[in-house]
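Chemist: So that we are looking at the same thing, I have put the structure below in structure tokens.
The values are calculated or read from the model by the stated rules, or taken from the named source; none is laboratory data. Because the structure is predicted, anything quoted here is derived from the model rather than measured. Neighbour counts are summed over all protein chains in view; Cβ atoms, including those assigned to glycine, are modelled from backbone coordinates with ideal geometry. These area figures cover heavy atoms from the full protein model, side chains too; ligands, DNA and RNA do not enter into them. Shrake-Rupley method; radii C 1.70, N 1.55, O 1.52, S 1.80 Å.
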Amino acid sequence: MLVILYPNTDAQSPEFAETWSYLSELEGITLRTHVIQGEEQQLTEIYLLGNTKTLPTEQIASLPAVERVIRISESFRILGRHDDSPRAVGFDYKGLRFDQDTLHVFAGLCAVDTPEHVAIMMRALQERGQVCTRMGAYKPRTNPYSFQGHGKACLPYVFELAGKYGIRVIAMEVTHESHIDEIAETLEATGNPTGVMLQIGTRNTQNFELLKHVGRQHEFPVLFKRGFGITLSESLNAAEYLATEGNANVIFCLRGMKTSFSAPHRNLVDFSQIPVLKRLTRMPVCIDPSHSVGTRHRAPDGLLDIYHATAQGVVAGANMILVDFHPAPDKALVDGPQALLMSELDGFLQDVEIAREAYVRRTALAHHMA
Ligand code: PEP
Ligand code: MN
């Protein structure tokens, strides 16, 4: 059961005290508080865990600090949608809004290799009004002899260059809890020139201990990749680990499923599940067309398969696009064959705009018809 308090309820107020004392005396029930800090208001939700079937819902609803009581299903308690309740969706970070209606492009390097390439990428983004990027410092590689990423060593110049080129948010994968501290320390040492969205890669979707660590910090939002070989429900349960530990600022990323049926693509594109995710959860939905398609194949119509996959996701309401670019793909240390060229950035962004316009028109039509 979920108890939602009136917006901006002060934890020191008598209303809160009375409400809390009643709830904490319920037998066999443990309480877990979850605070959502929005730009304008603070929302407090209290989760009642245990056997809630016989609890006096009406009495709880009449407690002084309580706005609403919602019965929720067992799964995805925090990140899920329940009873179509209009609970807050999304979050703000570094002045940007991330929710199920917004769209942000995170074009950038799969892996940081040289400061020159980082600078070329970020300058190109700034010239096109883009304020987000992706920059891999810690790379989880299938083969131990492959380049593992520059790690901590590249963080100072990546963050400084981001500040220089007006980049506000960098999606960056972490594969170990120590990486969170390294990122936080380097941000501080460089004067907090930018923000970071911690990325959980598909190989770590069910690394529950890593998820708990990432969930325990509240500074950075999280980009959570779907596991490439598990069910959607298993991935959603894994994402919920972040939220139960206290961080519900999570974006769920579709990145294709591993199966030989995907050939000639690297993974089977799964972007048709965007509406499923929006229906089941309150998370914004990201697509990663680069790691889904994994090649630079071009259709006879002149568009790369990566553009087609991106457009399919955007037309279906994607809220974020994570996409690989590289100034010199043949020199890229990771995933060069799927990287888009700097000369393709303009066309890519325009193609995204066309698809977005189509999505906006489609939803307007649906509202009109309803
Ligand atoms: C990545 O985005 O760099 C990456 C490794 O993706 P995934 O975890 O989806 O394979
Ligand atoms: Mn990659």
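Chemist: Considering each of Q130, Q126 in turn, give the residue that is away from ligand 2 (no atom under 16 Å from the Cβ) and in contact with a Phe, Trp or Tyr (Cβ under 6 Å, 6 or more places away or on another chain).
Modeler: Q126
Chemist: Mind checking which pairs have a first residue in the stretch 203-222 that is in contact (Cβ under 8 Å) with a residue 24 or more places away in the chain and open to solvent by less than 50 Å² (accessible area, probe 1.4 Å) and a second that is within 16 Å of ligand 2 (Cβ to nearest atom) and among the charged types (D, E, K, R), Cβ under 9 Å, 6 or more apart or different chains?
Modeler: Final answer for the pair search is N204/E173; N204/K225; T205/K225; T205/R226.
Chemist: What number of residues within the stretch 130-157 are aliphatic (A, V, I, L, M), away from ligand 1 (no atom under 12 Å from the Cβ) and within 17 Å of F106 (Cα to Cα)?
Modeler: 1
Chemist: Something else: Checking the conditions here, which among L155, L187, L242 is out of contact with any Phe, Trp or Tyr (no Cβ under 9 Å at 6 or more places or on another chain), under 21 Å from R134 (Cβ atoms), touching a residue at least 24 places away in the same chain (Cβ under 8 Å) and part of a helix (DSSP H, G or I)?
Modeler: L155
Chemist: Please verify whether the stretch 205-218 includes one or more residues that are of a type outside the set (D, E) and within 16 Å of ligand 2 (Cβ to nearest atom). Quick ask: steps written out before the conclusion?
Modeler: Our first condition is that a residue be of a type outside the set (D, E); within the stretch 205-218, this holds for 205-208, 210-218.
With within 16 Å of ligand 2 (Cβ to nearest atom) added as a condition, the list becomes 205.
Yes; the residues of the stretch 205-218 include at least one that is of a type outside the set (D, E) and within 16 Å of ligand 2 (Cβ to nearest atom).
Chemist: Could I ask something else about it? Going by the conditions given, is V112 in a loop (DSSP other than H, G, I, E, B), open to solvent by less than 20 Å² (accessible area, probe 1.4 Å) and within 26 Å of Q350 (Cα to Cα)?
Modeler: Here the answer is yes, as V112 does meet what is asked.
Chemist: I'd like the full set of residues that are open to solvent by 70 Å² or more (accessible area, probe 1.4 Å) and in contact with a helix residue (DSSP H, G or I) (Cβ under 6 Å, 6 or more places away or on another chain), limited to the stretch 248-269.
Modeler: L268
Chemist: Can you find a residue in the stretch 335-358 that is within 23 Å of H265 (Cβ to Cβ), within 16 Å of ligand 1 (Cβ to nearest atom) and among the aliphatic types (A, V, I, L, M)?
Modeler: Checking the stretch 335-358: at least one residue is within 23 Å of H265 (Cβ to Cβ), within 16 Å of ligand 1 (Cβ to nearest atom) and among the aliphatic types (A, V, I, L, M).
Chemist: Could you tell me which residue of the stretch 278-305 is farthest from the chain's Cα centre (by Cα), considering only residues that are surrounded by fewer than 23 Cβ atoms within 10 Å (Cβ to Cβ) and among the aliphatic types (A, V, I, L, M)?
Modeler: A299
Chemist: In addition: Which ones in the stretch 306-347 are within 16 Å of ligand 2 (Cβ to nearest atom), closer than 18 Å to S262 by Cβ and open to solvent by 20 Å² or more (accessible area, probe 1.4 Å)?
Modeler: Correct list: D335, P337.
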